[in-house]
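Here is the structure we will look at, set down as structure tokens.
The values are calculated or read from the model by the stated rules, or taken from the named source; none is laboratory data. Remember, predicted model here, so these are calculated numbers, not experimental data. Every residue, glycine among them, receives a Cβ derived from its backbone with ideal geometry; neighbour counts consider all protein chains shown. Heavy atoms of the whole protein, side chains included, go into the accessibility calculation; ligands, DNA and RNA do not. Shrake-Rupley method; radii C 1.70, N 1.55, O 1.52, S 1.80 Å.
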Amino acid sequence: MNSPVPSFQDVVRSRHSVRGFLPTPIPQDLLEEILQDAQWAPSNCNTQPWNVHIVSGDKLKALSAVLVEALKSENYTFDFSFDTGDYPEPYKKRAADQGGRYYQALGVARGDSLTRAEVVERNVRFFGAPHVAFLFMPLVGDNVRAASDVGMYAQTFLLSLAARGYAGVPQTILGFFAETVRQALGVSSDWKLLFGISFGTPDSAHAAFNYREDRIPLQESVVWHE
């Protein structure tokens, strides 16, 4: 008996960033369908400025090992800067609250630096996911337009995963090691790494499985003009 097809609203509102995955890979033909869905994302003047590298299997394990060492040695190579401290309020508080709730869900106490370091390391171990997508883009002007196009591609990709019972987590931290990733994957320096998405089947037994973030009310982000 076939499962009912989820509504668009169900897909959008159930999608969330998963930080614990089963090792089972997504079948290749299904993964290609998901990527075909993402290919229909909108972009400025249909420029489609995304260049996506999917890493799985032994290559994923090797890349993770390299990234763990880069993290431990603080060998950061940013293509695009990022620091939540640069955000004004209320955005900075939202980021801080998210971090606090996530650590609480994992049972990590404030001030437990060793455990917190281990939690950060899980990012470059891709949270146990069988796949990771690295989203590269060309440098274009002030980069805002191309980056927004890549963001729309990423959201379409994430929704396609969710519609099929899979999940992903966008990871800005993977962009902290742009040169390391480029060298490992043989990517030209013309392509700049915006972020990565670890993805696969959610692990329902993981401590973070039931962790969710809320959303601010409409009146805080929408202005009506009539």
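Looking at region 85-106, is at least one residue open to solvent by less than 60 Å² (accessible area, probe 1.4 Å), farther than 27 Å from ASP214 by Cβ and in contact with a helix residue (DSSP H, G or I) (Cβ under 6 Å, 6 or more places away or on another chain)? Scanning region 85-106, I find no residue that is open to solvent by less than 60 Å² (accessible area, probe 1.4 Å), farther than 27 Å from ASP214 by Cβ and in contact with a helix residue (DSSP H, G or I) (Cβ under 6 Å, 6 or more places away or on another chain), so the answer is no. Scanning region 181-206 for residues that are polar (S, T, N, Q), more than 18 Å from the chain's Cα centre (by Cα) and closer than 20 Å to GLY57 by Cβ yields one hit, GLN183. Of all positions in region 90-110, none carries a residue that is among the β-branched types (Val, Ile, Thr) and either modelled with pLDDT of 95 or more or under 18 Å from the mean Cα position of the chain (by Cα) (or both). Looking only at region 98-112, how many residues end up being touching a Ser or Thr at 6+ places or on another chain (Cβ under 7 Å) and small (Gly, Ala, Ser)? Selection size over region 98-112: 0.
For region 108-216, the helices (runs of 4 or more DSSP H) that sit wholly inside it and include 2 or more residues that are under 28 Å from ASN46 (Cα atoms) and either open to solvent by 50 Å² or more (accessible area, probe 1.4 Å) or touching a Phe, Trp or Tyr at 6+ places or on another chain (Cβ under 8 Å) (or both) are 144-163, 178-185.
Quick grid of which residues meet (1) at negative phi; (2) out of contact with any strand residue (DSSP E or B) (no Cβ under 8 Å at 6 or more places or on another chain); (3) hydroxyl-bearing (Ser, Thr, Tyr):
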site: ASN143; (1), (2), (3): no, no, no
site: GLU179; (1), (2), (3): yes, no, no
site: TRP191; (1), (2), (3): yes, no, no
site: ASP203; (1), (2), (3): yes, no, no
site: ALA207; (1), (2), (3): yes, yes, no
site: HIS225; (1), (2), (3): yes, yes, no
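Of the residues contained in region 12-22, none is found to be over 17 Å from the mean Cα position of the chain (by Cα), open to solvent by less than 100 Å² (accessible area, probe 1.4 Å) and either charged (D, E, K, R) or modelled with pLDDT of 95 or more (or both).
Do we have any residue at all in region 217-224 that's crowded, with 16+ Cβ neighbours inside 10 Å and more than 15 Å from VAL55 (Cα to Cα)? Scanning region 217-224, I find no residue that is crowded, with 16+ Cβ neighbours inside 10 Å and more than 15 Å from VAL55 (Cα to Cα), so the answer is no.
For region 7-46, filtering for residues that are out of contact with any helix residue (DSSP H, G or I) (no Cβ under 7 Å at 6 or more places or on another chain) and among the hydroxyl-bearing types (Ser, Thr, Tyr) leaves 3. The requirement of being free of Cβ contacts under 8 Å to residues at least 60 places away in the same chain and open to solvent by 30 Å² or more (accessible area, probe 1.4 Å) is not satisfied by ASP37. Within region 40-61, the set of residues being more than 20 Å from LEU174 (Cα to Cα) and within 17 Å of the chain's Cα centre (by Cα) comprises ALA41 only.
Of the residues making up region 40-78, those that are part of a helix (DSSP H, G or I) and open to solvent by 60 Å² or more (accessible area, probe 1.4 Å) are ASN44, CYS45, ASN46, ASP58, LYS59, LYS61, VAL66, GLU69, LYS72.
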